[in-house]
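I'd like to ask you about the structure that follows.
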Amino acid sequence: MEWQARTETQKVDAVIEYPRPPMDDSANVTSLQDWGASREVIPFMAWAYSTVRAPQIPPQIQLPQGWSPRSKPSLSNVVDMLRRGAGLSLHESVPVDVALFREGHATLSSLECVGNARAFGSLESVEGMVGLQSLSLPRFATRFDLAHLDKLRVATISHAAQVSVAKAPNLTVLGLRMSSVPSTFTLEPQIHELDLDVRQLDMRSWGSTQNLREVVVTGASSFDVTPLADAIELERLIVMRTKEVTGLSALRNCRKLKEVVLSNVHRLDDVRVLLELSLMRFEGVGPAFDDDFAVAAGARAGWWVPRPAKAREGVAAPFVIREVPDDLIEVALSDMAWFAARTGLPLDSVTTDDVEQLVQHELERTHPQWLSEEIVILDSEADEFIAIVPNTQVARTMVAVMSRLFADTSRLRVAVRSLGMT
């Protein structure tokens, strides 16, 4: 893959928040010194990801913004720490070729690359990082084999080209961030935790789920729970930002299930099944939960379901700003009746594609770099317009821009006609 590092600073109307080095407190310094970290590198190190089923992984080096091989920490010091087994956390704000650290590849314990893959060169060299215990890759289309990484315990991939990582013999925690999973994918028995950010999610062909202890699903169009019927070890199920959840009756077989979270779920096939479960904690948020269910849930210890708010007559409810996982923000619009009334389009024909088309047209006029640099990503569902943004300042600016457009009926309808939407 050709490395295409960005050389210009992104210019946007909002502050871009970059990862900060860990706090240089005395406890952190002492623990890192005990591990063997050098004084120069300690301010840029932090302890890495761990869970009960993936014990503590050695500390990671986080390169500061503006880093170069000649700045602090120096390349030689970084490589020395990697040879000792440290990990490396890279962010797109610090474009770097991973080949720079080749002398430490064999002993590198963790690699985390956050952001656009164009900011990182030589990602295919991960194949030779045989000491990896934790791996997180950005969306990167080059295919290479990761099944031989026998020390790997935690992995997150964003493209089907690297799905071979699921066959790493000691992998216990697997994260998938992609639009769909290849039909040939098989869930290996050593995997105990799944973190799935998959739009078109279908687990029916994945094989046995009997060893799973935790499943997290985010942003799926729909999620069929049926394949979890044999997940006899399942303790925790979290489903977020998913339009429809079906097959809930399968959870009756999950005798060890202690916690269920269903957040921003629009439809459930049989919500009453949930009341049959003996859970220590349940949280349900979204239009799938009616008032009767909220009352029944409220009578149970550890259960939380907010009662639906009564509709407010005559109140326009356009764009909503909400927090989502991975420290991102969504700007959403679900009131198609309001959209139809403002644009003059027939209610029975408007779709979220129409909203997306109009929003894109306006942002191309006012903030074209937001779209070209993927600062704003339009990612709508069938019944809700969604834009993913990096922080609340971008979200508020975007809402302000769109509110001005929708307030000016004449300009709005000119835009509708120019886009051929009438």
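The values are calculated or read from the model by the stated rules, or taken from the named source; none is laboratory data. Nothing here was measured: the structure is a model prediction, and the numbers come from that model. So basically every Cβ, Gly included, is an ideal-geometry build from the backbone, and we count neighbours across all protein chains shown.
Among the residues of region 387-417, write down those that are in a loop (DSSP other than H, G, I, E, B) and out of contact with any strand residue (DSSP E or B) (no Cβ under 9 Å at 6 or more places or on another chain).
408
Mind checking which strands (runs of 3 or more DSSP E) fall wholly inside region 233-308 and carry at least 1 residues that are at positive phi, in contact with a strand residue (DSSP E or B) (Cβ under 8 Å, 6 or more places away or on another chain) and of a type in the set (A, V, I, L, M)?
Result: empty, no element qualifies.
Let me ask another. So which residues in region 353-376 are under 25 Å from residue 263 (Cβ atoms) and either part of a loop (DSSP other than H, G, I, E, B) or touching an Asp or Glu at 6+ places or on another chain (Cβ under 6 Å) (or both), if there are any at all?
If the condition is that a residue be under 25 Å from residue 263 (Cβ atoms) and either part of a loop (DSSP other than H, G, I, E, B) or touching an Asp or Glu at 6+ places or on another chain (Cβ under 6 Å) (or both), then 376 is the only one that fits.
Out of the residues in region 39-65 meeting the condition of being among the small types (Gly, Ala, Ser) and either modelled with pLDDT of 85 or more or assigned to a strand (DSSP E or B) (or both), tell me which one is farthest from residue 114 (Cα to Cα).
Checked region 39-65; the qualifying residue farthest from residue 114 (Cα to Cα) is 54.
Could you please tell me which pairs satisfy a Cβ distance under 8 Å, a separation of 6+ or placement on different chains, a first residue in region 320-331 that is touching a residue at least 12 places away in the same chain (Cβ under 8 Å), and a second residue that is surrounded by fewer than 14 Cβ atoms within 10 Å (Cβ to Cβ) and in a strand (DSSP E or B)?
329/322; 329/323; 330/322; 330/323
May I pose another question? Could you check, for region 94-108, whether at least one of its residues is among the polar types (S, T, N, Q), surrounded by fewer than 22 Cβ atoms within 10 Å (Cβ to Cβ) and either modelled with pLDDT under 85 or closer than 17 Å to residue 156 by Cα (or both)?
No, region 94-108 contains no residue that is among the polar types (S, T, N, Q), surrounded by fewer than 22 Cβ atoms within 10 Å (Cβ to Cβ) and either modelled with pLDDT under 85 or closer than 17 Å to residue 156 by Cα (or both).
While we're here: Looking at 225, 198, 215 in this structure, which one is modelled with pLDDT under 95 and within 23 Å of the chain's Cα centre (by Cα)?
Unique residue meeting the criteria: 198.
Out of region 157-170, which residues are in contact with an Asp or Glu (Cβ under 7 Å, 6 or more places away or on another chain) and among the polar types (S, T, N, Q)?
Hits for region 157-170 are 164, 170.
When residues of region 327-349 are filtered for being over 29 Å from the mean Cα position of the chain (by Cα), outside any helix (DSSP H, G or I) and either among the aliphatic types (A, V, I, L, M) or within 20 Å of residue 116 (Cβ to Cβ) (or both), how many remain?
Number of matching residues: 2.
Check residue 375 against each of (1) modelled with pLDDT of 85 or more; (2) surrounded by fewer than 18 Cβ atoms within 10 Å (Cβ to Cβ); (3) among the β-branched types (Val, Ile, Thr) and name the one condition it does not meet.
(2)
Any residue at all in region 86-100 that is under 24 Å from residue 34 (Cα atoms), free of Cβ contacts under 8 Å to residues at least 60 places away in the same chain and assigned to a loop (DSSP other than H, G, I, E, B)?
Among the residues of region 86-100, at least one is under 24 Å from residue 34 (Cα atoms), free of Cβ contacts under 8 Å to residues at least 60 places away in the same chain and assigned to a loop (DSSP other than H, G, I, E, B), which makes the answer yes.
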